[in-house]
Amino acid sequence: QVQLVESGGGLVQPGGSLRLSCAASGIVFADYTRGWYRQAPGKQRELVATMTTTGITYYLDSVKGRFTISRDNGKNTVYLQMNSLKPEDTAVYYCNAKRALVDYWGQGTQVTVSS
C-alpha cells in the first residue's frame, strides 16, 4: 500500500519560514517525479514545485527564489523549504508522486501565513 504523509505545516507570520516534509512508503520515491501542489480556498489546485527522477526542478513563478524542493533518498522523503512567506501562500499543500499513468497523493497539510 502506497502512502505519502506530509508534515510541517502550520501558522506563520509574513516573512517567516516553514519546511514541509513528505515521507513515502510502499514506493521508491526517487523512481517518481515528486511534486508539491497547493490549493487555496475557492481556487484550483496548482503546481508549486517538482523534481524529476534526474533531479531537474521546476517552480511556480510566484515562489521562485523563495521555495526550494529537495530530497533525501535514504529517508524516501521530499521537502519543500518555504522562505519569505506571504499571505497569498496560504493553502493546503499536497505531496505528489507521478510516473506514467500512476499518480499518488498525500492527505495535505495546512499552511497559513497571517499576522
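Go through segment 29-39 and count every residue that is open to solvent by less than 20 Å² (accessible area, probe 1.4 Å), over 18 Å from R66 (Cα atoms) and either part of a strand (DSSP E or B) or of a type outside the set (S, T, Y) (or both).
Within segment 29-39, residues that are open to solvent by less than 20 Å² (accessible area, probe 1.4 Å), over 18 Å from R66 (Cα atoms) and either part of a strand (DSSP E or B) or of a type outside the set (S, T, Y) (or both) number 2.
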### Message
Report every pair of residues separated by at least 6 positions or lying on different chains whose Cβ atoms are under 7 Å apart, first residue within segment 45-65 and closer than 19 Å to S84 by Cα, second among the acidic types (D, E) and not in a loop (DSSP other than H, G, I, E, B).
### Response
L60/E46
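Here is a yes/no grid of residues against (1) more than 11 Å from the chain's Cα centre (by Cα); (2) open to solvent by less than 60 Å² (accessible area, probe 1.4 Å):
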| site | (1), (2) |
| --- | --- |
| I27 | yes, yes |
| Q44 | yes, no |
| V48 | no, yes |
| T54 | yes, no |
| L60 | yes, yes |
| T68 | no, no |
| G74 | yes, no |
| Y94 | no, yes |
| W105 | no, no |
### Message
Against the definition (open to solvent by 20 Å² or more (accessible area, probe 1.4 Å), part of a strand (DSSP E or B), out of contact with any Lys or Arg (no Cβ under 9 Å at 6 or more places or on another chain) and under 15 Å from E6 (Cα atoms)), how does R19 come out, yes or no?
### Response
yes
### Task
Output the number of the condition that G8 fails; it satisfies all remaining conditions of (1) surrounded by 14 or more Cβ atoms within 10 Å (Cβ to Cβ); (2) over 14 Å from the mean Cα position of the chain (by Cα).
(2)
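The values are calculated or read from the model by the stated rules, or taken from the named source; none is laboratory data. Remember, predicted model here, so these are calculated numbers, not experimental data. Please note: Cβ atoms are built from the backbone with ideal geometry, for glycine as well, and neighbour counts cover all protein chains shown. We work out accessible area using only protein heavy atoms, side chains counted, and drop any ligands, DNA or RNA first. Shrake-Rupley method; radii C 1.70, N 1.55, O 1.52, S 1.80 Å.
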